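Novice: Submitted below is the structure of interest, expressed as structure tokens.
The values are calculated or read from the model by the stated rules, or taken from the named source; none is laboratory data. Please read all numbers here as calculations on a predicted model, not as lab measurements. Methodologically, a virtual Cβ is constructed for each residue, glycine included, from the backbone with ideal geometry; neighbour enumeration extends over all protein chains shown.
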Amino acid sequence: MTYQEAVNYILEIPKFTKKNDREHTRAFLRYLGDPQEHMKVLHVAGTNGKGSVCAYLDGMLRSEGKETGLFTSPHLVRMNERIVINGEQISDARFCAVFETVLKAVRRMEREGLAHPTFFEFLFGMAVQAFAESGAEYAVLETGLGGRLDATSAVEKPVVCVITSIGLDHMEYLGNTLREIAGEKAGIIRPGVPVFYAQTADESDSVIARTAEECGSFCKKIGKDAYEILGIRDKHIAFSCSSAYYGNTTWKLNNTGVYQPGNAMLALEVMRYLFRENGHPERWRAALADLKWAGRMEEVLPGVYVDGAHNISAVEAFTESVPEDGRGNIILFSAVQDKDYEKMAECLCRSRRAALYVVTHIDDSRGTAAQSLADIFRKYTKRPVVVKESVKEALEYALSIQNGRRIYCLGSLYLAGMIKGLVQEEI
């Protein structure tokens, strides 16, 4: 089977299977020989920042000389992005080989009356299979949706559970309040497994702390006072750590998002727990300064940034990170229908960080019509709102009027992926 045939098969899975429960995923892993049992799993959930925290953990673990596997979602351009071994995306050839192994296990399952794994389950199975075959000592797993019912929660004995900031997203599945959503995210917590979580709001923090207490798990909240942002310079953000453990040094991230030091601090505290007196913070510092995480305030062309902000809390954090510019920034925006794009638009207009808005339609059945987005933006701003029906047209137009200004593309991870794909095609 070719690489493209394997990818096409996986993309077709939603058409012939149904949502499965965690017990089904556990059975699936047993058919694979429980590959997750051969590695130390760091399990990460949350609304915003979980991908960044996973990337920071993976980078710092590798700085300690550890063999690692990193499983994240969604991918932006190619499916291989979801499965990373020792800092490198899985090759097409390896992808095909692991796909064949997993598909054989799935066929045995089906012959014995079990349902086919879902799209996400299948890729999760491929990831842990690939990690085990590569001899990974550590696996960093990002949940797909929620936590309690997520396929990754089939891992019963992680070495640590991590929960990033909580926000209002996927409310049709997770609940309508921070408390309800935190309850779903806290579903990754296992008895006796240490929990580290980012301070968000009392109503969500209390749920996580209570769940950890009920499970008899050590629990540490990483508050806003754990670090101090020192400034943004040369496309890096600098911060200091409050704890003397990290030394009296300046830490840097290869990113300008003001929310990223909090994500890094959460990852640092997990590393501190894992390695205690045997850790090497100076190596972690170098790893963080070098690490780039795709789609998170990522500069893909000179002055053109893509950011995966796709809910109101992420957009609010984005607006705090965008510098004032006398010439005015250009916002390129799109969103899918099940997101609260009106609140996101209102926030972007209220921040007054843009001179012009370009709205477009994502080429996907869930994409919101560009004209509908324009009508909403015009409710909240008197500044120009330009409609372009395709992402390609929108990017080309924004570039044609850039004239030294910054272009920020956000509202959906699909949009971020499409922009990156267009850039790679050298439009």
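Novice: Check whether at least one residue in segment 157-171 is closer than 24 Å to Tyr259 by Cα and in a helix (DSSP H, G or I), and report yes or no.
Specialist: yes
Novice: I'd like to check something: does segment 291-298 contain any residue that is within 21 Å of Ile376 (Cβ to Cβ), touching a residue at least 60 places away in the same chain (Cβ under 8 Å) and not hydroxyl-bearing (Ser, Thr, Tyr)?
Specialist: no
Novice: Of Thr68, Thr47, Thr2, which residue is of a type in the set (S, T, N, Q), within 26 Å of Val162 (Cα to Cα) and modelled with pLDDT of 95 or more?
Specialist: Thr68
Novice: Sticking with this one: Of all the residues that make up segment 355-395, how many are in contact with a helix residue (DSSP H, G or I) (Cβ under 7 Å, 6 or more places away or on another chain) and over 20 Å from Leu76 (Cα atoms)?
Specialist: 12
Novice: When you look at Arg82, is it among the basic types (Lys, Arg), more than 19 Å from the chain's Cα centre (by Cα), assigned by TED's automatic domain parsing to the domain that holds Val44 and modelled with pLDDT of 95 or more, yes or no?
Specialist: no
Novice: Could you list all residues from segment 407-419 that are farther than 13 Å from His361 by Cα, at pLDDT 95 or above and touching a Gly at 6+ places or on another chain (Cβ under 8 Å)?
Specialist: If the condition is that a residue be farther than 13 Å from His361 by Cα, at pLDDT 95 or above and touching a Gly at 6+ places or on another chain (Cβ under 8 Å), then Ile407 is the only one that fits.
Novice: Further question on the same structure: Filter segment 344-376 down to the residues that are free of Cβ contacts under 8 Å to residues at least 24 places away in the same chain, at negative phi and part of a loop (DSSP other than H, G, I, E, B), then identify the one that is surrounded by the most Cβ atoms within 10 Å (Cβ to Cβ).
Specialist: So, considering only residues that are free of Cβ contacts under 8 Å to residues at least 24 places away in the same chain, at negative phi and part of a loop (DSSP other than H, G, I, E, B), the one surrounded by the most Cβ atoms within 10 Å (Cβ to Cβ) is Ala369.
Novice: Tell me, which residue of segment 126-177 that is more than 23 Å from Val193 (Cα to Cα) and among the polar types (S, T, N, Q) is farthest from the chain's Cα centre (by Cα)?
Specialist: Among those residues, the one meeting the criterion is Ser134.
Novice: With (1) aliphatic (A, V, I, L, M); (2) closer than 19 Å to His24 by Cα; (3) touching a strand residue (DSSP E or B) at 6+ places or on another chain (Cβ under 6 Å) as the list, and Ala130 as the residue in question, which single condition is left unmet?
Specialist: (2)
Novice: Inside segment 197-256, counting only strands (runs of 3 or more DSSP E) that do not spill past its ends, which hold 1 or more residues that are surrounded by fewer than 13 Cβ atoms within 10 Å (Cβ to Cβ), free of Cβ contacts under 8 Å to residues at least 24 places away in the same chain and on the phi < 0 side of the Ramachandran plot?
Specialist: Hits in segment 197-256: 227-233.
Novice: Looking at segment 316-327, is at least one residue closer than 22 Å to Gln260 by Cβ and of a type in the set (Ser, Thr, Tyr)?
Specialist: yes
Novice: Kindly provide the set of residues from segment 377-409 that are closer than 22 Å to Thr319 by Cα, of a type in the set (S, T, N, Q) and either surrounded by fewer than 15 Cβ atoms within 10 Å (Cβ to Cβ) or free of Cβ contacts under 8 Å to residues at least 12 places away in the same chain (or both), ordered by number.
Specialist: Answer for segment 377-409, where residues must be closer than 22 Å to Thr319 by Cα, of a type in the set (S, T, N, Q) and either surrounded by fewer than 15 Cβ atoms within 10 Å (Cβ to Cβ) or free of Cβ contacts under 8 Å to residues at least 12 places away in the same chain (or both): just Asn403.
Novice: Within segment 168-219, track down each residue that is β-branched (Val, Ile, Thr), touching a strand residue (DSSP E or B) at 6+ places or on another chain (Cβ under 6 Å) and closer than 20 Å to Ala317 by Cα.
Specialist: Thr200 - this is the single residue of segment 168-219 that is β-branched (Val, Ile, Thr), touching a strand residue (DSSP E or B) at 6+ places or on another chain (Cβ under 6 Å) and closer than 20 Å to Ala317 by Cα.
Novice: Test of understanding: among Ala182, Ala244, which residue is more than 29 Å from Gly69 (Cα to Cα) and at pLDDT below 95?
Specialist: Exactly one of Ala182, Ala244 is more than 29 Å from Gly69 (Cα to Cα) and at pLDDT below 95, namely Ala244.
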